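Shown next, in structure tokens, is the structure this report addresses.
The values are calculated or read from the model by the stated rules, or taken from the named source; none is laboratory data. These numbers come from a predicted model, not from an experiment. Cβ atoms come from the backbone with ideal geometry, glycine included; neighbour counts cover every protein chain shown.
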Amino acid sequence: MQAIRYIILLVICLVHSRFAEAQGLVIRNYNVKDGLANATVYGAVQDTEGFIWFATPTGVSKFDGKRFRNYTKKDGLTDNDVIKLAADSRGRVWFFTNNGMPSYYGQHVVHNEDNDTSLRFNSRSQYMQYAFEDRARIPWFLNTAGRIIQYNGRETIYDKLGAKPSDLFWFLSNDTIFRPLQQAFQLQSLKDNNNPGQKIFLTAPFSIMDGDFAGRVREHPVIIHDNVLYSYTRKDIIPFFRGQDWGITEGISSMCIDGSNLWIGTPRSLYYVRDFFRGETKLSKLLDNHYITSILNDRDGNIWITTFGDGVYHIPFKHFYFSYLDNTNGLYSHSVYSVFRDKRNSLLYIGENAGMLNLMDMNGRITRYSLDSSGGRNSVFSIRALPKGQEVLIGTDNGVYRFAPGYKKPVQEVDMRTVKDMGITPSGKVRVVTRNQLLNGIGTVPLDLSSLETQVTSISNINDSAYYLGTSSGLYFGVGDGMPQPVHQDPRLRQGIKDMRWIDSLLWVGTSDQGIFVLKNNKIIRHFSTRDDMLSDICQQLYFDGTDRVYVATNRGVSVIDARRLVMLRNITSNDGLMSDDIRGLSHSQDTLFIATSNGLCYFSRDHIPVDTVPPTVYLNAIRYGDSTFLALPYFQHLYERGGAFEVEFGAIAYDLPELVEYQYNFSNDTSSGWVTTMSNIIPYPRLQPGDYKLLIRARKYKSGWSQPVSLTISILPQWYQQWWARGILVLLGLMAIVLVLRYIVGRIKGGERRKTEYNRRIAELEAKALTNQMNPHFIFNSLNSVQHLILEKEEKQALNFLADFATLMRQMLNNSRKSFISLEDEIAFLARYLELEKIRFANSFVYRFEQSEELKEYTVYIPPMLIQPILENAIKHGLAPKNGSGHLLVKLELRGDLLLCAVDDDGIGWEHANNIKSGKLAKHESTALSVIKERLQIIKSFNGSVGKLEIIDKFKSGFGNKEGTLVEIQIPIVKML
């Protein structure tokens, strides 16, 4: 809801040209922007549940204190222009429209002739004017043609008592049978032709302040005739309020009796006489230039005023216990800095900014004095009584003034700037402090406090000699005219001090953000803070009432402390009726407490602050499930909807501080224990499963207990697939599916094991083939022939060395063939030993060289064994051996990502030339060796995912200039480690 407008109205007495004691009433205004159906409101009623209903030209509005719910023709009204309302004792609210067709709200629905056959009847184009209820609680109506209509719940009967027209007096005179559903009736005539014995008095024959007569007015109907109010009984009609006698010249349009108070509404204003039936003669004029259409006093004591064109005004019951002053009713501004009620003469001093001092006498007359404001803002921050005579001392930012009744204006006593505080001893000695000066008595020379290197904020006198100083950095103690000294204090007091009070040998210290400390002999004996339920730890002023209470002005209200027992008593905030929570100062006189705030002055009986402890009424507003909205009945049943969110919307009827209403709910099938507290009026359950539930909702308002919970029984019916038999079938199907999945998984595992075994077998075969191809019989045969030749040439030592190297090479070959991966270092050593033997065999007809990239030296690289040796063997036997002259063989190794690139480069006769001179047997041998290498690379790929590659390049045919020879590049999958 949008922000509610607040208006403070001046109460003025119009009798004997005398002003009433100045006060204000805080009135809330509700209008279209807040949700009201129309700014023109004809009337208001309260139903049995507590809702307030408003009749407007564009429908009716139902209000719970926070939200408006509007009803129009599309919701069931017979016409949008509802001119009158009536609430019966069965909880129905009747709507009267110009078309004469009745409708009412009951059981969460608007009933009309279309949805309720009991309301069908011929209205003869006449509309309902008045509503009554008999002893059986059956409603009766009187229409504009004087016809009597009865509704018995089964049918609507026109001319129930015959076709003869009747009038309002017939119902009023039969008061033992009929009870009117409104308090007052506006009539053009007072004469009842059917009751000639009835006496009509033009003036009251006795005092209307008699207690019995006041009870009669409350219990019987009131007739409004012109601007006079009459009390009606069958025996007589007696006037009890004559507008002319009170200065009201216009006709009276509405009235309301609130206890002993009387409210009068006219087309021009609202009038209020507090304690009218106790003899009070002060008339208050409110809502000037407003057309008042009706006044309602609800069951909680709140007053509702409906207007023509200005919406609805609401006066909370507690505001009748408070009085308010601000710039709308007598003060210079709304910002009040200090207040002092002088018990010696009952004068009320009110200090404001800009050096404005207001003086209000017992009759509410306010006199304003302007103090010097040439030096700045000059707020009046303190007003204290001097012990002798009736003088007061007034502290401002720019100086101190003396004043007493009879002075033409305040007289300046001290001319000092940046005054912070002043104190008066019991004998009358005045001390004044500024930021860095202390005036130790009027007329003395100020003491310079600059050496303290801190800012002085407050002073508290012990006697004429001793005092305490509060500063922004701690507490100081001074005696006589000497320089104040820091108190060896608790570290908690080394902070900003805002105010201090010396009370019965105890020093009360109010701090800027740590609450209040109470000291005895400079030791802390009590600390009050928000942990002790204080409203705030920011203390703006301390006030002692002289007996047993300390009032703490904070930025969040007033905290009251028992000064004797040192315990918290209570808190007072704007929620209780203050104009603002920003408190600047306090004063009191007997039972009246005066509080200065940033939004005006508020005063009230400090021991009789009204507290509404009655819990609010909780109601269910709507139930939403899936995409549908349902009436909020106590029992809800629905078939389960997959993905359908369940939601309950509810509310509480609270007209005072509705924004502070708290809710609690308990869901019986919820796994959480206890009540769940929330400020929201919606409870969502997004995944509500089939089952029976019970939802309990309760509420409490400001300072009330919890209400009786409202109960909602919820039954979510399962779909067919959620039944036990359907679930059984699903379980069986699930088990079957699990069995099939397990069989499939086991089959996959077994197949994988078979494939793995086959792979291992193929690898073993290929490794064996590689071993056979790498060290073939030709190599062994030729090596042995070389040994024989060395022996015949008498070179036994060289033959022995050859045999030793050959044996070592055979051992390395056998060891490597058993491993899946060997280090590159071991592979190079094996290849080097192999090449050395081949050089001996071929009489050193070639030279070889290994080249490694720098990157390879940073890692330990592992490769599959015996992939490079067959390539070297082909290069020597088929490339370098047939060449005339010495040959060169280069083996280059470098990293290419996760692969090792090995390039074997020879300058032999070339690949194509070699193929031309090979015998068929050699060609077959070479073809077999290369195919084994390729197959091994393919199998390795299936296990570690890396793709190897073998490529043979004839350099002469491939564009290497005129160079001959063969370049073989093989990319080998590796394992790389740091």
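Only a single item in (1) under 60 Å from the mean Cα position of the chain (by Cα); (2) more than 25 Å from Leu950 (Cβ to Cβ) is not met by Gln798, and it is number (1).
Taken together, the residues in segment 609-639 that are buried (at least 17 other Cβ atoms within 10 Å of the Cβ), at pLDDT below 90 and either touching a helix residue (DSSP H, G or I) at 6+ places or on another chain (Cβ under 9 Å) or part of a strand (DSSP E or B) (or both) amount to 2.
Mind listing just one residue for me: the one in segment 837-882 that is surrounded by 14 or more Cβ atoms within 10 Å (Cβ to Cβ) and acidic (Asp, Glu) and, of those, farthest from Asp805 (Cα to Cα)? Checking each candidate, the answer is Glu873. For the residues Asp532, Asp513, Asp499, Asp504, the requirement of being more than 34 Å from the chain's Cα centre (by Cα) and at pLDDT below 95 singles out Asp504.
Among the candidates Asp562, Asp582, Asp513, Asp545, the residue that is more than 22 Å from Gln489 (Cβ to Cβ) and surrounded by fewer than 15 Cβ atoms within 10 Å (Cβ to Cβ) is uniquely Asp562. Applying the criterion of being within 22 Å of Gly577 (Cα to Cα) and outside any strand (DSSP E or B) to the residues of segment 333-347, the residue that is farthest from the chain's Cα centre (by Cα) is Ser333. In segment 889-906, the residue that is surrounded by the most Cβ atoms within 10 Å (Cβ to Cβ) out of those that are out of contact with any helix residue (DSSP H, G or I) (no Cβ under 8 Å at 6 or more places or on another chain) and more than 23 Å from Ile939 (Cα to Cα) is Asp905.
Checked against (1) touching a strand residue (DSSP E or B) at 6+ places or on another chain (Cβ under 6 Å); (2) touching a residue at least 60 places away in the same chain (Cβ under 8 Å); (3) assigned to a strand (DSSP E or B), His588 passes all but a single condition, namely (1). The set of residues in segment 473-497 that are farther than 19 Å from Leu439 by Cα and touching a residue at least 24 places away in the same chain (Cβ under 8 Å) comprises Val487, His488, Gln489, Asp490, Arg492, Leu493, Gly496, Ile497. Taking Ile157 as meeting all but one of (1) more than 51 Å from the chain's Cα centre (by Cα); (2) farther than 20 Å from Arg234 by Cβ; (3) part of a loop (DSSP other than H, G, I, E, B), write down the number of the exception. Only one criterion in (1) more than 51 Å from the chain's Cα centre (by Cα); (2) farther than 20 Å from Arg234 by Cβ; (3) part of a loop (DSSP other than H, G, I, E, B) is unmet by Ile157, namely (3). With respect to the stated conditions, His319 fails to be in contact with an Asp or Glu (Cβ under 8 Å, 6 or more places away or on another chain), buried (at least 17 other Cβ atoms within 10 Å of the Cβ) and not β-branched (Val, Ile, Thr). At least 1 residues being over 27 Å from Tyr603 (Cβ atoms) and of a type outside the set (Lys, Arg) is the threshold, and among the strands (runs of 3 or more DSSP E) wholly inside segment 348-463 those reaching it are 399-403, 411-414, 430-434, 437-440, 456-461. Taken over segment 96-109, the criterion of being in a strand (DSSP E or B) and within 39 Å of the chain's Cα centre (by Cα) is satisfied by Tyr104, Tyr105, Gly106, Val109.
Whenever a residue of segment 252-265 is within 16 Å of Asn302 (Cβ to Cβ), its partners that are of a type in the set (Asp, Glu), lying with C-beta atoms within less than 9 angstrom and at least six residues away or across chains, give the pairs Gly259/Asp275; Asn261/Asp275; Asn261/Glu280. Whenever a residue of segment 732-757 is touching a residue at least 12 places away in the same chain (Cβ under 8 Å), it has no partner that is of a type in the set (Asp, Glu) and outside any helix (DSSP H, G or I) lying with C-beta atoms less than 6 angstrom away and at least six residues away or across chains.
Only strands (runs of 3 or more DSSP E) whose full extent lies in segment 675-716 are considered here, and the ones with at least 1 residues that are under 26 Å from Arg642 (Cα atoms) and charged (D, E, K, R) are 691-700. Scanning segment 837-859 for residues that are outside any loop (DSSP other than H, G, I, E, B) and free of Cβ contacts under 8 Å to residues at least 24 places away in the same chain yields a count of 3.
Of all residue pairs spaced 6 or more apart or on separate chains, those with beta-carbon atoms under 9 Å, a first member in segment 557-570 that is among the hydroxyl-bearing types (Ser, Thr, Tyr) and a second member that is part of a loop (DSSP other than H, G, I, E, B) are Ser559/Asp533; Ser559/Met534; Ser559/Leu535; Ser559/Ser536.
Taken over segment 157-178, residues that are closer than 22 Å to Ser294 by Cα and either polar (S, T, N, Q) or not assigned by TED's automatic domain parsing to the domain that holds Gln129 (or both) amount to 0. Tallying residues that are free of Cβ contacts under 8 Å to residues at least 24 places away in the same chain and crowded, with 19+ Cβ neighbours inside 10 Å within segment 217-240 yields 1. Scanning segment 273-296 for residues that are in a strand (DSSP E or B) and modelled with pLDDT of 95 or more, we see that the one that is nearest to the chain's Cα centre (by Cα) is Leu296.
In segment 37-48, is there at least one residue being within 30 Å of Tyr321 (Cα to Cα), free of Cβ contacts under 8 Å to residues at least 60 places away in the same chain and not charged (D, E, K, R)? Yes, that holds for at least one residue. Among the residues of segment 822-834, are any at pLDDT 85 or above and polar (S, T, N, Q)? Yes, segment 822-834 contains a residue that is at pLDDT 85 or above and polar (S, T, N, Q). Looking across segment 620-664, just one residue is touching a Ser or Thr at 6+ places or on another chain (Cβ under 7 Å), among the aromatic types (Phe, Trp, Tyr) and over 22 Å from Gln719 (Cβ atoms), and that is Tyr663.
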